Amino acid sequence: MRLTPLPALSDNYIWTLAADDGARALIVDPSEAGPVFAAADAGLQPAGVLLTHHHGDHIGGVPALLERWPGLLVFAPDDDRIPAGYRRVADGEAIDVAGWHFDVHAVPGHTRSHVAYHGHGLLFCGDTLFSLGCGRMFEGTAEQMHASLSRLAALPPATRVCCGHEYTLANAAFARVVEPGNPALQRRFEEATAMRATGRPTLPSTLADELAANPFLRVDRPEVRASLARETGRAPADDVDAFAALRRWKDGFTA
(Lines give C-alpha, C1' and ligand atoms only; values in the text may rest on other atoms or scores of the structure.)
Protein backbone atom coordinates (compact mmCIF):
# COMPACT_ATOMS: atom_id res chain seq x y z
CA MET A 1 0.00 0.00 0.00
CA ARG A 2 1.04 3.60 -0.53
CA LEU A 3 0.49 6.20 2.18
CA THR A 4 0.92 9.82 1.11
CA PRO A 5 0.31 13.11 2.95
CA LEU A 6 -0.80 15.78 0.49
CA PRO A 7 0.03 19.30 1.76
CA ALA A 8 -3.01 21.58 1.81
CA LEU A 9 -3.93 25.07 3.01
CA SER A 10 -1.17 26.47 5.24
CA ASP A 11 -0.21 23.42 7.32
CA ASN A 12 -2.83 20.69 6.75
CA TYR A 13 -2.25 17.22 5.39
CA ILE A 14 -4.80 15.32 3.32
CA TRP A 15 -3.86 11.67 3.73
CA THR A 16 -4.25 9.23 0.86
CA LEU A 17 -4.00 5.48 1.20
CA ALA A 18 -3.85 3.56 -2.05
CA ALA A 19 -3.17 0.10 -3.31
CA ASP A 20 0.22 -0.28 -4.96
CA ASP A 21 -1.40 0.13 -8.39
CA GLY A 22 -3.04 3.42 -7.33
CA ALA A 23 -6.54 1.95 -7.23
CA ARG A 24 -8.97 1.79 -4.31
CA ALA A 25 -7.65 4.93 -2.66
CA LEU A 26 -8.97 6.39 0.56
CA ILE A 27 -8.86 10.13 1.15
CA VAL A 28 -8.72 11.38 4.74
CA ASP A 29 -9.87 14.87 5.80
CA PRO A 30 -9.78 16.67 2.44
CA SER A 31 -9.59 20.32 3.42
CA GLU A 32 -9.60 21.31 -0.23
CA ALA A 33 -10.09 19.45 -3.48
CA GLY A 34 -7.12 20.71 -5.51
CA PRO A 35 -4.42 18.42 -4.08
CA VAL A 36 -6.68 15.39 -4.52
CA PHE A 37 -7.49 16.36 -8.10
CA ALA A 38 -3.77 16.67 -8.82
CA ALA A 39 -3.11 13.24 -7.31
CA ALA A 40 -5.98 11.77 -9.32
CA ASP A 41 -4.59 13.28 -12.52
CA ALA A 42 -1.37 11.42 -11.68
CA GLY A 43 -3.21 8.12 -11.32
CA LEU A 44 -4.91 8.04 -7.91
CA GLN A 45 -8.39 6.48 -7.98
CA PRO A 46 -10.46 7.63 -4.96
CA ALA A 47 -12.93 5.07 -3.60
CA GLY A 48 -13.87 6.62 -0.25
CA VAL A 49 -13.40 9.53 2.11
CA LEU A 50 -12.86 9.37 5.87
CA LEU A 51 -13.70 12.46 7.93
CA THR A 52 -12.54 12.81 11.54
CA HIS A 53 -14.48 15.93 12.57
CA HIS A 54 -16.56 18.82 11.32
CA HIS A 55 -14.02 21.64 11.05
CA GLY A 56 -13.85 23.26 7.63
CA ASP A 57 -10.13 22.64 7.23
CA HIS A 58 -10.92 18.91 7.33
CA ILE A 59 -14.10 18.67 5.26
CA GLY A 60 -14.05 21.71 2.97
CA GLY A 61 -13.03 19.83 -0.17
CA VAL A 62 -15.70 17.12 -0.01
CA PRO A 63 -18.42 18.84 -2.12
CA ALA A 64 -16.00 19.35 -5.01
CA LEU A 65 -14.80 15.75 -4.75
CA LEU A 66 -18.39 14.53 -4.94
CA GLU A 67 -18.99 16.66 -8.02
CA ARG A 68 -16.15 14.87 -9.79
CA TRP A 69 -16.88 11.42 -8.30
CA PRO A 70 -20.63 11.32 -7.44
CA GLY A 71 -20.47 7.73 -6.19
CA LEU A 72 -17.68 8.37 -3.70
CA LEU A 73 -18.44 6.95 -0.25
CA VAL A 74 -17.97 9.50 2.55
CA PHE A 75 -17.73 8.34 6.18
CA ALA A 76 -18.19 10.91 8.93
CA PRO A 77 -19.02 11.19 12.65
CA ASP A 78 -22.62 11.80 13.62
CA ASP A 79 -22.70 15.59 13.79
CA ASP A 80 -25.30 17.90 12.26
CA ARG A 81 -22.53 20.34 11.35
CA ILE A 82 -21.41 17.82 8.71
CA PRO A 83 -23.69 17.74 5.64
CA ALA A 84 -26.42 15.14 5.52
CA GLY A 85 -26.01 12.30 3.07
CA TYR A 86 -22.65 11.10 4.35
CA ARG A 87 -22.52 7.72 6.04
CA ARG A 88 -22.40 8.27 9.81
CA VAL A 89 -19.94 6.19 11.85
CA ALA A 90 -19.98 5.46 15.56
CA ASP A 91 -17.58 4.24 18.21
CA GLY A 92 -16.78 0.55 17.91
CA GLU A 93 -17.98 0.30 14.32
CA ALA A 94 -15.87 -1.35 11.66
CA ILE A 95 -15.99 0.06 8.17
CA ASP A 96 -15.02 -1.65 4.93
CA VAL A 97 -14.57 0.17 1.66
CA ALA A 98 -12.87 -1.07 -1.50
CA GLY A 99 -10.82 -3.64 0.39
CA TRP A 100 -9.76 -1.34 3.23
CA HIS A 101 -10.87 -2.10 6.80
CA PHE A 102 -10.83 0.39 9.67
CA ASP A 103 -12.11 0.42 13.24
CA VAL A 104 -13.75 3.62 14.47
CA HIS A 105 -12.77 5.14 17.81
CA ALA A 106 -14.67 7.99 19.42
CA VAL A 107 -12.08 10.50 20.66
CA PRO A 108 -13.95 13.58 21.95
CA GLY A 109 -12.04 16.55 23.26
CA HIS A 110 -10.99 18.70 20.34
CA THR A 111 -14.64 18.51 19.25
CA ARG A 112 -17.50 16.63 20.86
CA SER A 113 -17.94 14.24 17.90
CA HIS A 114 -14.33 13.65 16.82
CA VAL A 115 -13.48 10.12 15.68
CA ALA A 116 -10.27 8.35 14.68
CA TYR A 117 -9.78 5.46 12.27
CA HIS A 118 -7.38 2.59 12.99
CA GLY A 119 -6.44 -0.17 10.59
CA HIS A 120 -3.60 -1.56 8.46
CA GLY A 121 -1.13 -0.37 11.10
CA LEU A 122 -2.29 3.23 10.60
CA LEU A 123 -4.08 5.74 12.82
CA PHE A 124 -5.90 8.64 11.18
CA CYS A 125 -6.46 10.81 14.22
CA GLY A 126 -7.31 14.25 12.81
CA ASP A 127 -6.69 16.92 15.44
CA THR A 128 -6.76 14.72 18.55
CA LEU A 129 -3.16 13.52 18.64
CA PHE A 130 -0.32 15.41 16.98
CA SER A 131 3.33 14.51 16.88
CA LEU A 132 4.72 15.86 20.17
CA GLY A 133 1.37 17.47 20.99
CA CYS A 134 -2.40 17.24 21.00
CA GLY A 135 -5.34 19.31 19.80
CA ARG A 136 -6.90 22.20 21.64
CA MET A 137 -10.04 21.44 23.59
CA PHE A 138 -12.60 23.53 21.74
CA GLU A 139 -15.63 21.52 22.89
CA GLY A 140 -14.48 18.80 25.27
CA THR A 141 -13.14 18.59 28.80
CA ALA A 142 -9.69 17.70 30.03
CA GLU A 143 -11.07 14.41 31.30
CA GLN A 144 -12.47 13.57 27.86
CA MET A 145 -9.32 14.55 25.99
CA HIS A 146 -7.04 12.67 28.36
CA ALA A 147 -9.24 9.59 28.01
CA SER A 148 -9.19 9.90 24.23
CA LEU A 149 -5.41 10.20 24.12
CA SER A 150 -5.03 7.29 26.54
CA ARG A 151 -7.22 5.18 24.29
CA LEU A 152 -5.09 5.94 21.26
CA ALA A 153 -1.88 5.41 23.23
CA ALA A 154 -3.03 1.86 24.01
CA LEU A 155 -2.94 0.86 20.34
CA PRO A 156 0.10 -1.14 19.14
CA PRO A 157 3.34 0.87 19.49
CA ALA A 158 4.25 0.35 15.82
CA THR A 159 1.06 2.10 14.71
CA ARG A 160 1.85 4.98 12.37
CA VAL A 161 0.29 8.26 13.50
CA CYS A 162 -1.27 10.20 10.62
CA CYS A 163 -2.50 13.46 12.08
CA GLY A 164 -4.00 16.46 10.35
CA HIS A 165 -1.35 19.17 10.62
CA GLU A 166 2.38 19.78 10.31
CA TYR A 167 2.87 21.00 13.87
CA THR A 168 5.84 18.89 14.96
CA LEU A 169 8.48 21.59 15.29
CA ALA A 170 6.12 24.03 17.02
CA ASN A 171 5.12 21.27 19.42
CA ALA A 172 8.75 20.35 19.96
CA ALA A 173 9.53 23.88 21.16
CA PHE A 174 7.05 23.43 23.99
CA ALA A 175 7.88 19.78 24.71
CA ARG A 176 11.56 20.62 25.15
CA VAL A 177 10.68 23.13 27.86
CA VAL A 178 8.58 20.53 29.65
CA GLU A 179 11.15 17.72 29.36
CA PRO A 180 14.52 19.26 28.48
CA GLY A 181 16.43 16.13 29.48
CA ASN A 182 14.44 13.63 27.39
CA PRO A 183 16.86 12.05 24.85
CA ALA A 184 14.03 10.59 22.73
CA LEU A 185 12.52 14.05 22.42
CA GLN A 186 15.87 15.54 21.41
CA ARG A 187 16.30 12.88 18.73
CA ARG A 188 12.80 13.52 17.41
CA PHE A 189 13.43 17.27 17.35
CA GLU A 190 16.66 16.84 15.40
CA GLU A 191 15.04 14.40 12.99
CA ALA A 192 12.04 16.70 12.40
CA THR A 193 14.30 19.73 11.92
CA ALA A 194 16.24 17.92 9.21
CA MET A 195 13.05 16.77 7.52
CA ARG A 196 11.55 20.24 7.36
CA ALA A 197 14.83 21.75 6.17
CA THR A 198 14.52 19.60 3.05
CA GLY A 199 10.76 20.09 2.66
CA ARG A 200 9.79 16.63 3.87
CA PRO A 201 6.79 15.91 6.13
CA THR A 202 7.61 14.95 9.70
CA LEU A 203 4.70 12.50 9.58
CA PRO A 204 3.74 9.82 10.09
CA SER A 205 5.39 9.24 13.42
CA THR A 206 4.75 6.10 15.44
CA LEU A 207 2.95 5.64 18.72
CA ALA A 208 6.24 4.36 20.14
CA ASP A 209 7.82 7.70 19.19
CA GLU A 210 4.98 9.63 20.79
CA LEU A 211 4.98 7.58 23.99
CA ALA A 212 8.70 8.30 24.35
CA ALA A 213 8.60 12.02 23.58
CA ASN A 214 5.10 13.56 23.56
CA PRO A 215 4.47 15.22 26.93
CA PHE A 216 0.69 14.92 26.56
CA LEU A 217 1.09 11.13 26.63
CA ARG A 218 3.52 11.35 29.55
CA VAL A 219 1.59 13.29 32.19
CA ASP A 220 2.26 10.50 34.70
CA ARG A 221 6.04 10.82 34.34
CA PRO A 222 8.01 12.40 37.18
CA GLU A 223 9.84 14.79 34.84
CA VAL A 224 6.60 16.16 33.43
CA ARG A 225 5.01 16.40 36.88
CA ALA A 226 8.05 18.29 38.20
CA SER A 227 7.89 20.80 35.35
CA LEU A 228 4.19 21.32 35.95
CA ALA A 229 4.77 21.90 39.65
CA ARG A 230 7.42 24.52 38.86
CA GLU A 231 5.17 26.22 36.29
CA THR A 232 1.95 26.24 38.34
CA GLY A 233 3.31 26.33 41.88
CA ARG A 234 1.59 23.11 42.91
CA ALA A 235 1.82 19.40 42.27
CA PRO A 236 -0.95 17.95 40.05
CA ALA A 237 -3.53 15.93 41.95
CA ASP A 238 -3.76 13.17 39.31
CA ASP A 239 -3.21 12.47 35.61
CA VAL A 240 -6.26 14.43 34.45
CA ASP A 241 -5.26 17.42 36.57
CA ALA A 242 -1.74 17.18 35.12
CA PHE A 243 -3.09 16.99 31.58
CA ALA A 244 -5.35 20.00 32.13
CA ALA A 245 -2.45 22.05 33.51
CA LEU A 246 -0.19 21.00 30.64
CA ARG A 247 -2.82 21.96 28.04
CA ARG A 248 -3.35 25.37 29.67
CA TRP A 249 0.41 25.93 29.70
CA LYS A 250 0.65 25.03 26.02
CA ASP A 251 -2.30 27.29 25.13
CA GLY A 252 -0.40 30.30 26.46
CA PHE A 253 3.07 29.22 25.36
CA THR A 254 5.20 31.32 23.03
CA ALA A 255 8.57 30.04 21.89
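Of everything in region 54-80, what is in contact with a helix residue (DSSP H, G or I) (Cβ under 8 Å, 6 or more places away or on another chain) and either more than 13 Å from Pro30 (Cβ to Cβ) or surrounded by 19 or more Cβ atoms within 10 Å (Cβ to Cβ) (or both)? Give them in sequence order.
Gly61, Leu65, Val74, Ala76
Within region 30-84, restricting attention to residues that are under 21 Å from Cys125 (Cβ atoms), among the aliphatic types (A, V, I, L, M) and in a loop (DSSP other than H, G, I, E, B), which residue is modelled with the highest pLDDT?
Leu51
List every residue pair whose Cβ atoms lie under 6 Å apart, where the two residues are 6 or more positions apart in sequence or sit on different chains, the first residue falls within region 71-90 and is among the hydroxyl-bearing types (Ser, Thr, Tyr), and the second residue, located anywhere, is outside any loop (DSSP other than H, G, I, E, B).
Listed by first residue and then by second, the contacts come to Tyr86/Val74; Tyr86/Ala76.
May I ask you to say which residue of Pro46, Pro108 is surrounded by 20 or more Cβ atoms within 10 Å (Cβ to Cβ), in contact (Cβ under 8 Å) with a residue 24 or more places away in the chain and over 19 Å from the mean Cα position of the chain (by Cα)?
Pro46
Counting only residues that are of a type in the set (Ser, Thr, Tyr) and part of a strand (DSSP E or B), which one in region 152-211 is farthest from Asp11 (Cα to Cα)? Outline the logic, then answer.
Keep residues of region 152-211 that are of a type in the set (Ser, Thr, Tyr), which gives 159, 167-168, 193, 198, 202, 205-206.
Subsequent filtering for residues that are part of a strand (DSSP E or B) retains 205-206.
Numbers: Ser205: 16, Thr206: 20 Å.
Among those that are of a type in the set (Ser, Thr, Tyr) and part of a strand (DSSP E or B), it is Thr206.
Would you confirm whether any residue within region 220-242 is under 25 Å from Pro5 (Cβ atoms) and part of a loop (DSSP other than H, G, I, E, B)? Please lay out each step first, then the result.
First pass over region 220-242, keeping only residues under 25 Å from Pro5 (Cβ atoms): none.
No: zero hits.
Name the residues in region 112-134 that are in contact with a Gly (Cβ under 7 Å, 6 or more places away or on another chain) and crowded, with 24+ Cβ neighbours inside 10 Å, would you?
Listed by number, the residues that qualify are His114, Ala116, Gly126, Asp127, Thr128.
The values are calculated or read from the model by the stated rules, or taken from the named source; none is laboratory data. Given the structure is predicted, the values throughout are model-derived calculations rather than measurements. Note: ideal-geometry Cβ built from the backbone for every residue, glycine included; neighbour counts use all protein chains shown.
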